[in-house]
1. Order of 78, 101 from fewest to most other C-beta atoms within 10 Å?
2. Could you name the aspartates and glutamates whose alpha carbon sits less than 12 Å from that of residue 34, not counting residues in the same chain fewer than 8 places away?
3. Per-residue counts of other Cβ atoms within 10 Å, averaged by peptide: what ranking do you get for 63-69, 116-122, highest first?
4. Using 0.36 nm times the number of residues separating residue 45 and residue 140, minus their current alpha carbon distance, what extension gain do you get?
5. Long-range amide H contacts for residue 101: which residues qualify at under 5 Å (H placed 1.01 Å from N, peptide plane, sequence gap of 5 or more or a different chain)?
6. Would you grab the residues whose amide H sits under 5 Å from the one on residue 90? Only those 5+ places off in sequence or on another chain, please, with H modelled 1.01 Å from N.
7. Could you name the lysines whose alpha carbon sits less than 20 Å from that of residue 116, not counting residues in the same chain fewer than 8 places away?
8. I'd like the Karplus ³J(HN,Hα) series for region 75-80: coefficients 6.51, -1.76, 1.60, θ = phi - 60°, whole numbers in Hz, and an x wherever there's a Gly or Pro.
Amino acid sequence: MRRMIFAGVASIVFILSAEAGAATLTVKAHLSGKDEVPPSSAHGAGELSGQVDTDTQLLTYRVTYKALTGPATAAGFSGPATRGKVGASIYAVLDASSPISGEARLTDDQLGQLHKGLWYFNVATAANPNGEIRGQLRLENADLQNPSQPPSFGTQHMPASLNNR
């Protein structure tokens, strides 16, 4: 009987720990000309929203924009670069017309860069071939912004005897 109880408890702990390891990160960015490098005087604006499944490392995203100086000629993710710096192209989209949606599988390094805020999304036009609007990606999940630490899932409310094991 004790073995059955132990096996049952061990199974539950294993299942909970596997589920606790995966999380969904919410990614957002506001795109504007003032965030371009150098800043663009264009009045276009846009929004990026997306999610990253940390188990599969799949980024799914949607970008909308308006009021560009002309049709978008290119768009995509770039980095690693902080705000005000220029990075390399990471993922270019095939069709830059709004709305843009897609997915990309991230490497461990890319996921780490995303956690650190080192990616941005850029939309270019003929008038601004290096970029008309840009937005630095940020994580909305404050508890999940440090990839080296597992998410906390409220363990601060557990009894000290369970929390310190």
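Just so it is clear, none of the values below were taken in a lab; they were calculated from the coordinates. Just so it is clear, the model here is predicted, and its values are computed rather than measured. Note that we place each Cβ from the backbone using ideal geometry, even for glycine, and neighbour counts take in every protein chain shown.
1. Fewest-to-most ranking of 78, 101: 101, 78.
2. Qualifying aspartates and glutamates at Cα under 12 Å: 132.
3. Result, highest mean Cβ count within 10 Å first: 116-122, 63-69.
4. Full extension of this stretch gives 32.2 nm more.
5. 63
6. Amide H to amide H, under 5 Å and 5 or more residues apart or across chains, residue 90 pairs with 77, 78, 79.
7. 28, 85
8. Those phi angles translate into 7, x, 8, 9, x, x Hz.
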